[in-house]
Amino acid sequence: MLKERTWILISLGLILVYLSPLILLGEGVHLRIHDNLDSNLIWYKTLVENHVLFAPSDKEIPSIMNGLPRESLSAELSMFALLFTLFDPFPAYAVNLFLMRFIAFFGMYLLLKKHVLPTNKPGAFISVGTALAFSLTAFWPFGGLSFAGVPLVLYAFLNLRNRENNWKNWLIIGLVPFYSSFIVSFIFFLAIMSGLWLVDAIRKKQPNWLFFTGIAVMTALYLIKQYRLVYGELMGKGFTTHRAEFDRGHRDWETVINFFGNNLLHSHSHSYSLHYPFAFYTAVFALLFIGIIAVVRRWKLSWKPAPLTAGEKAVPFLLLSIVVFSFWISIWNWEGMRVLKDVSDLINEFNFGRFHLLNIVTWYVVFALALMMIQRRIKFGMVLVVLLLIGQVTGETTRHHEFKYRNIDYPSYEEFYSEELFSEIQAYIGQDPEDYRVVSIGMHPAIAQYNGFYTLDFYVTMYPLEYKHQFENVIAGELEKNSTLDNYYSTWGGRVYTFADELGKNYLFTKDKDKTIKDLDFGTEAFKEMGGEYILSAVEIENAGENDLELEKVFEKESSAWRIHLYKAE
């Protein structure tokens, strides 16, 4: 077998190959749009270009929603803010993906090598191979190290648990908070670490203060990073957000069970583990094998397998945690949970079900343990281990973002934002963008925002409730036609979009779709009262005149995914 260092170098080379479309295709690459190009990228771009990264929380950003408070957008004490300050948006995005994947690889490798698998040659190979597989999962790009960095942080915390007071552990704990999300993942990770610390303290009757200090320091750093939110909540200085009207969670029991099964097999869009089918069935096989061994040894049958190792004994408990967390998120939006959500704003507005997002790490730890078991207990097991790792990595590669999004007919980064096309539209309008406001129909408003327009519509996780009600007057006619859209806006409202009944929840009407709206009920007067003047529509509005909208011109370029109909409110 090749040396461990050689396997590491081969893995790093494969990661580079995986990332190569970002370099070879540049802005011609196809990327995820949901919670990515439609939102997070624009948030940081807007913060940097408007020079409001460090502005007061109540500072208004005029280009968004007639003055979105600075508090609504992302924290400035983050790696993303630094990247978007140093680079243009696409290079910043690409550098982020490189950092995420390499940190994910080395974090998982260190965790498995030191705390999970034996250090013999098979163990080292499985550690490297599993780390490679983990690094190629479909991480949420703007999660940063929210999931990709969990193995590295777990490695550091387990070192502290073993009372290894090393500067490297503190460096990891000190830096990761500024490249990850507390709310999405690490609040749940730290809750688990706190539970582990408490169990250790009770069992050993001696608290591990080094371990506890690590938990406290990391929590404090997250609170410092999120100082705007902390100050607003503690001092009551923030605005009333649209989240006050959240009314999510009305699933019936059948939907809950279906969601549970889907989550167990395919995970969540923010942490797609891509564990199915190879890692999943490998884990199931290991669980069955462990059960058989336990029964055989319990009943002292003629077959005398070797005793279960500590790692093998951990597999059932790790899989149980995956099942529990998947079930917990499934019932979080069950209609029965409304009893709790209706009596507590915190429970209603914050998703306490997100423990399941950490399953992405657990799946690969279980996968590594299962592979080690196969290698130890099955004749020619190492051959099977190699085949399973190849199958897992190959499966992930076939779901590479370039293949996935090209195949479902997404536009490329360049086609999506279409800078040349929208520059042409701005030149035609001939006014300073700050002197008029626009909305978009049939496409994400992030595109107009990216290109320097002042948009009344946007996608943001927190904004004033008053604005939600004001904008509703623009789209009220269409919401009345479509109960799905009405429920989507009234019970959640994160997307303040110019919805249309005939388009539904689809915001990718590229020029090849040839879609039209026959009967739009648009609140033109409310739109004009908000300063609205132009509509950028990806589709033709056949009854534009009935809404006092005049078609100015249709814009189209070969390099763009869009055919923009520019309407002016008369």
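Which one of these is at pLDDT 85 or above and either charged (D, E, K, R) or open to solvent by 30 Å² or more (accessible area, probe 1.4 Å) (or both): L301, L346, L358, L308?
Numbers: L301 fails: at pLDDT 85 or above; L346 fails: at pLDDT 85 or above; L358 fails: either charged (D, E, K, R) or open to solvent by 30 Å² or more (accessible area, probe 1.4 Å) (or both).
Result of the check over L301, L346, L358, L308: L308.
Please tell me if M337 is open to solvent by less than 50 Å² (accessible area, probe 1.4 Å) and over 22 Å from F105 (Cα atoms).
Details: open to solvent by less than 50 Å² (accessible area, probe 1.4 Å): yes; over 22 Å from F105 (Cα atoms): yes.
Judged against the criteria, M337 is a match.
Run down S273, S185, S267 and say which single residue is surrounded by 20 or more Cβ atoms within 10 Å (Cβ to Cβ), out of contact with any strand residue (DSSP E or B) (no Cβ under 6 Å at 6 or more places or on another chain), within 30 Å of D58 (Cα to Cα) and of a type in the set (S, T, Y).
On the way: S273 fails: within 30 Å of D58 (Cα to Cα); S267 fails: within 30 Å of D58 (Cα to Cα).
Result: S185 is the single residue among S273, S185, S267 that is surrounded by 20 or more Cβ atoms within 10 Å (Cβ to Cβ), out of contact with any strand residue (DSSP E or B) (no Cβ under 6 Å at 6 or more places or on another chain), within 30 Å of D58 (Cα to Cα) and of a type in the set (S, T, Y).
Which members of the stretch 244-271 meet the condition of being among the aromatic types (F, W, Y), closer than 14 Å to E335 by Cα and under 23 Å from the mean Cα position of the chain (by Cα)? Working first, answer last.
Kept after step one, since they are among the aromatic types (F, W, Y), are these residues of the stretch 244-271: 246, 253, 259-260.
Next, only the ones that are closer than 14 Å to E335 by Cα stay: 246, 253, 259.
Hits for the stretch 244-271 are F246, F259.
Out of all the residues in the stretch 392-401, which are crowded, with 16+ Cβ neighbours inside 10 Å and part of a helix (DSSP H, G or I)? Quick ask: steps written out before the conclusion?
Filtering the stretch 392-401 for residues crowded, with 16+ Cβ neighbours inside 10 Å gives 392-393, 395-396, 400-401.
Scanning the stretch 392-401 gives Q392, V393, G395, E396, H401.
Every residue in the stretch 211-258 that is modelled with pLDDT of 90 or more, touching a Lys or Arg at 6+ places or on another chain (Cβ under 7 Å) and either open to solvent by 40 Å² or more (accessible area, probe 1.4 Å) or aromatic (F, W, Y) (or both), please.
Answer for the stretch 211-258, where residues must be modelled with pLDDT of 90 or more, touching a Lys or Arg at 6+ places or on another chain (Cβ under 7 Å) and either open to solvent by 40 Å² or more (accessible area, probe 1.4 Å) or aromatic (F, W, Y) (or both): just F211.
So that you can scan it fast, the table gives a plain yes or no per residue for (1) free of Cβ contacts under 8 Å to residues at least 12 places away in the same chain; (2) part of a helix (DSSP H, G or I); (3) under 27 Å from F325 (Cα atoms):
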site: L171; (1), (2), (3): yes, yes, no
site: F188; (1), (2), (3): no, yes, yes
site: M193; (1), (2), (3): no, yes, yes
site: D200; (1), (2), (3): no, yes, yes
site: R203; (1), (2), (3): yes, yes, yes
site: L210; (1), (2), (3): no, yes, no
site: V217; (1), (2), (3): no, yes, yes
site: L221; (1), (2), (3): no, yes, yes
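Of the residues I192, I202, only one is farther than 19 Å from V116 by Cα, out of contact with any Gly (no Cβ under 8 Å at 6 or more places or on another chain), open to solvent by 10 Å² or more (accessible area, probe 1.4 Å) and not hydroxyl-bearing (S, T, Y); which? Please lay out each step first, then the result.
Details: I192 fails: farther than 19 Å from V116 by Cα.
The conditions single out I202.
The rows are residues; the columns are (1) touching a residue at least 12 places away in the same chain (Cβ under 8 Å); (2) within 24 Å of Y489 (Cα to Cα).
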{"site": "Q226", "(1), (2)": "yes, no"}
{"site": "T240", "(1), (2)": "yes, yes"}
{"site": "H250", "(1), (2)": "yes, yes"}
{"site": "N258", "(1), (2)": "no, no"}
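If I go through the stretch 23-68 residue by residue, how many of them are free of Cβ contacts under 8 Å to residues at least 40 places away in the same chain and either out of contact with any Pro (no Cβ under 8 Å at 6 or more places or on another chain) or polar (S, T, N, Q) (or both)?
Summing the residues that are free of Cβ contacts under 8 Å to residues at least 40 places away in the same chain and either out of contact with any Pro (no Cβ under 8 Å at 6 or more places or on another chain) or polar (S, T, N, Q) (or both) in the stretch 23-68 gives 12.
Spot the failing condition for F157; the list is (1) under 14 Å from M218 (Cβ atoms); (2) open to solvent by 10 Å² or more (accessible area, probe 1.4 Å), and only one is missed.
For F157, the failing item is (2).
I'd like to verify a number: residues in the stretch 116-140 that are at pLDDT below 95 and hydroxyl-bearing (S, T, Y), how many?
Total satisfying the criteria: 1.
So is L479 of a type in the set (A, V, I, L, M), open to solvent by less than 30 Å² (accessible area, probe 1.4 Å) and farther than 26 Å from S418 by Cβ or not?
Yes; evaluated as a whole, the condition is true for this residue.
Can you confirm whether L318 is touching a Ser or Thr at 6+ places or on another chain (Cβ under 8 Å), surrounded by 14 or more Cβ atoms within 10 Å (Cβ to Cβ) and in contact (Cβ under 8 Å) with a residue 40 or more places away in the chain?
On the way: touching a Ser or Thr at 6+ places or on another chain (Cβ under 8 Å): yes; surrounded by 14 or more Cβ atoms within 10 Å (Cβ to Cβ): yes; in contact (Cβ under 8 Å) with a residue 40 or more places away in the chain: yes.
Considered against the rule, which asks whether it is touching a Ser or Thr at 6+ places or on another chain (Cβ under 8 Å), surrounded by 14 or more Cβ atoms within 10 Å (Cβ to Cβ) and in contact (Cβ under 8 Å) with a residue 40 or more places away in the chain, L318 comes out as yes.
Kindly provide the set of residues from the stretch 28-54 that are more than 21 Å from F453 (Cα to Cα) and aliphatic (A, V, I, L, M), ordered by number.
Listed by number, the residues that qualify are V29, L31.
Name the strands (runs of 3 or more DSSP E) wholly within the stretch 499-570 that hold at least 1 residues that are open to solvent by 70 Å² or more (accessible area, probe 1.4 Å)? Walk me through how you get there before you give the answer.
On the way: elements: 532-537, 549-556, 563-569.
Strands (runs of 3 or more DSSP E) meeting the threshold: 549-556.
Which residues, taken from the stretch 165-174, are open to solvent by 10 Å² or more (accessible area, probe 1.4 Å) and in contact with a helix residue (DSSP H, G or I) (Cβ under 9 Å, 6 or more places away or on another chain)?
Filtering the stretch 165-174 for residues open to solvent by 10 Å² or more (accessible area, probe 1.4 Å) gives 165-168, 170-172, 174.
The answer is N165, N166, K168, W170, L171, I172, G174.
Looking only at the stretch 402-437, how many residues end up being small (G, A, S), surrounded by fewer than 12 Cβ atoms within 10 Å (Cβ to Cβ) and on the phi < 0 side of the Ramachandran plot? Write out each step before concluding.
Start the filter on the stretch 402-437 by keeping residues that are small (G, A, S), which leaves 412, 418, 423, 427, 430.
Subset that is surrounded by fewer than 12 Cβ atoms within 10 Å (Cβ to Cβ): 427, 430.
From the residues that got through so far, the ones that are on the phi < 0 side of the Ramachandran plot too are 427.
Selection size over the stretch 402-437: 1.
Whether any residue in the stretch 102-123 is polar (S, T, N, Q) and farther than 30 Å from I447 by Cα is what I want to check.
Residues of the stretch 102-123 that are polar (S, T, N, Q), as a first pass: 119-120.
Going one step further and asking which of them are farther than 30 Å from I447 by Cα, we end up with 119-120.
Scanning the stretch 102-123, I find at least one residue that is polar (S, T, N, Q) and farther than 30 Å from I447 by Cα, so the answer is yes.
Restrict the check to the stretch 74-86 and report whether at least one residue is touching a Pro at 6+ places or on another chain (Cβ under 8 Å), farther than 14 Å from V176 by Cβ and surrounded by fewer than 22 Cβ atoms within 10 Å (Cβ to Cβ). Break it down stepwise before answering.
Residues of the stretch 74-86 that are touching a Pro at 6+ places or on another chain (Cβ under 8 Å), as a first pass: none.
There is no residue in the stretch 74-86 that is touching a Pro at 6+ places or on another chain (Cβ under 8 Å), farther than 14 Å from V176 by Cβ and surrounded by fewer than 22 Cβ atoms within 10 Å (Cβ to Cβ).
May I ask you to list the residues in the stretch 131-149 that are of a type outside the set (F, W, Y) and closer than 11 Å to F106 by Cα?
Filtering the stretch 131-149 down to residues of a type outside the set (F, W, Y) leaves 131-133, 135-138, 141, 143-146, 148-149.
A131, L132, S135, A148, G149 - these are the residues of the stretch 131-149 that are of a type outside the set (F, W, Y) and closer than 11 Å to F106 by Cα.
The values are calculated or read from the model by the stated rules, or taken from the named source; none is laboratory data. Model, not experiment: these values are computed from the prediction. Don't worry about glycine lacking a Cβ; one is built from the backbone with ideal geometry, like all the others, and counts go over all protein chains shown. For accessibility, only protein heavy atoms count, side chains too; no ligands or nucleic acids. Shrake-Rupley method; radii C 1.70, N 1.55, O 1.52, S 1.80 Å.
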